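Below is one structure; the comments refer to it alone.
The values are calculated or read from the model by the stated rules, or taken from the named source; none is laboratory data. Predicted model, so just to flag it, every value in this text is computed and none were measured. Reconstructed Cβ throughout: ideal geometry from the backbone, glycine too, with neighbour counts over all protein chains shown.
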Amino acid sequence: MKQLTQHSAKSWFLFFGGILVIVLLANFLDFRIDLTEEKRYSLHPATEEMLSEISKPLHVEILLVGENLPGGMRRLQKSIEETVRTFNAYSAEKITYSYFDPLTLQKEERGDFILSLADYGINPTNLSVMRNSGQQEQLIFPGILVSDEEYETGALVLKGDRGMGPDQILNHSIENLEFELSNAIRKLISPESSSIAMIMGHGEMSSDEGFGLVEALDGEFELFKVPLDQAQKPKDLEGFKMIFIQGPKENYTEREIYLLDQYVMGGGNLIVLLDGVAVEIENAGGEGTLAMPVDLGLDNLLFRYGVRVNKDLIQDLNFGYIPVMGGDFGNQQQMVPLPWPFYIQAGRMQEHAITKGLDVVQFRFTSSLDTVKADGVTKTPLIFSSDFSRVLPAPVRVAFADMDQEPDVGLFGMKNLPLAYLLEGEFTSLYKNRFLPDGFAKEDFKEGGNGKVVVIGDGDVFQSQTNLEDGAPLALGENPFSQSTFANKLFLKNLVQYLAEPEGIIASRTRTFRIRPLNKVKIAQQKTFWQGLNVLTPVVVLLVFGGSVWWIRRNKYSRKTN
């Protein structure tokens, strides 16, 4: 009997000793194992690197709260919490979280707080929820606030294309949680920003004087208006992370084109928003006007890089509206919305870090793009037109009167025309095997280089529109007539983040989580079977295991006693 007691004590000692060793090892060894197929609980290397640079504790307020949230919103809420916990596991400093409902504030404070959330792009969403009294409307705030001891920023986490279903939007939002949270943290821990040059001197940005770019990128990048004719040599442009050419109206000189070419050869990022034709929209009334082709000197440069901006205009049946004067009502002129196929609402996106899951982007008078051979350059179309498009070669009649009747669908037989191209790789200089412009030394010339170029056949895609009442510029993407907001600003932000650091946190937007819905037919047919299996199987396994252990111990120790 004494031997049996000693054996039992030894077993318990080894058991608790093993647990103690595991606990001690867990305190000294920091590791995580992600067994999911899509690596849901792993982070992109760029995110891990950013988290390792955090030097002070951070706090995340999850604003997505409320009673009786639908299952999809609870899933998003849980995913936000899990993402914060995963960030905390990799972070050099502690990242805590809490839940906060803005609707719990006093009425006087609530309005100001909701307006402050709008500055971060967090707008309330109206949901239909089931309660004891029936279906009711409920406001939710699908966003997060990230703060340290001094500063605070925020991010909207419920995003998706308008063409997506509810499940797809939720799944896309969950896929992007890592990017949204890491981007918010980056704003706090890395306040310094790169420089962007906005080229001036050729009629660029004449509509809003660059307000669209400045308003969208303020706080993340430093923007400078740069007269290109004042640059003396290519090195004068090397300090800029990227250069924007936005809707020029006047010719570029050979000297200026050489400066831009050598900037790209030096590894620079060039964004060219170029109109293939010139449109005078103010003359579209009555008999209308003709949009004529323009050549501003940039065509040969872009052709060498692999893209041609054609001298035409695209019309699309997925169009927007333009406000026009439709007569008087009393003594007041009335403004009415006119269907306008030249204003394309593009919602078909490439599965790329820049455009994945992006909502509709509006283009106004855009020209088609063709690609040409350019060895070493990868050409990626980013945004496409709809399945019902057509191309009108210049000269193009632009007249409001043409919209008196519905467009003939049979004429719109083209589909998925590329509206924006990303060019990456090893570029060849336009001036290879050519004479250099006067004033530039041959020994400084670079005949090739690894840069990036973005080409869009619409000079206005990043220009803000104006308020119809006071003429003040609106935020980029806001429509002054319909009060709707397009994703032009988000497209711009994603674009510059990718160009600034393509392998940075923007790369986490390419993550994909599969939706695995249950088979509703099988659920209805096999519901009782699976419920019984899930309830009874653990009990049976436990009884069998416990009975086996009891039988083995009984036989073992009964023989020793005998």
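Assorted remarks:
- The range 371-396, residues that are exposed (fewer than 13 other Cβ atoms within 10 Å of the Cβ) and touching an Asp or Glu at 6+ places or on another chain (Cβ under 7 Å): 376, 378
- Just one residue in the set 476, 468, 536, 543 is over 26 Å from residue 302 (Cα atoms), at pLDDT below 80 and of a type in the set (A, V, I, L, M); that residue is 468.
- Exclusive hit being over 30 Å from residue 283 (Cα atoms), surrounded by fewer than 18 Cβ atoms within 10 Å (Cβ to Cβ), in the same structural domain as residue 219 (by TED's automatic domain parsing) and not polar (S, T, N, Q), set 472, 441, 399: 441
- Any hit, the range 211-229, residues being touching a Phe, Trp or Tyr at 6+ places or on another chain (Cβ under 7 Å) and over 28 Å from residue 356 (Cβ atoms): no
- Any hit, the range 510-526, residues being modelled with pLDDT of 85 or more and either surrounded by 10 or more Cβ atoms within 10 Å (Cβ to Cβ) or not assigned by TED's automatic domain parsing to the domain that holds residue 354 (or both): no
- Boolean, residue 272 is under 25 Å from the mean Cα position of the chain (by Cα) and touching a residue at least 40 places away in the same chain (Cβ under 8 Å): yes
- Matching residues, the range 334-357, being of a type in the set (A, V, I, L, M, F, W, C) and not in a loop (DSSP other than H, G, I, E, B): 335, 336, 338, 340, 342, 344, 346, 349
- Residue in the range 136-152 that is small (Gly, Ala, Ser) and at pLDDT below 85 present: no
- Qualifying residue in the range 444-453 (condition: surrounded by fewer than 17 Cβ atoms within 10 Å (Cβ to Cβ), part of a loop (DSSP other than H, G, I, E, B) and not assigned by TED's automatic domain parsing to the domain that holds residue 366): no
- Residue 207 vs. criteria small (Gly, Ala, Ser) and either at pLDDT 90 or above or not assigned by TED's automatic domain parsing to the domain that holds residue 127 (or both): yes
- For the range 406-415, the count of residues that are among the basic types (Lys, Arg), within 21 Å of the chain's Cα centre (by Cα) and under 30 Å from residue 365 (Cα atoms) is zero.
- Taking the criterion of being in a loop (DSSP other than H, G, I, E, B) and of a type outside the set (Ser, Thr, Tyr), the residues of the range 245-272 that qualify are 247, 248, 249, 250, 251, 266, 267, 268.
- Inspection of the range 434-449 finds no residue satisfying the criterion of being within 28 Å of residue 498 (Cβ to Cβ) and at pLDDT 95 or above.
- Residue pairs meeting the criteria (Cβ under 9 Å; at least 6 apart or on separate chains; first under 14 Å from residue 121 (Cα atoms), in the range 469-492; second basic (Lys, Arg) and at pLDDT 85 or above): 475/489; 476/489; 477/489; 478/489
- Identity of the residue in the range 210-237, hydrophobic (A, V, I, L, M, F, W, C) and more than 24 Å from residue 121 (Cα to Cα), that ends up modelled with the lowest pLDDT: 231
- Residue 51 falls short on exactly one of the conditions (1) assigned to a loop (DSSP other than H, G, I, E, B); (2) at pLDDT 85 or above; (3) closer than 20 Å to residue 511 by Cβ, and that condition is (1).
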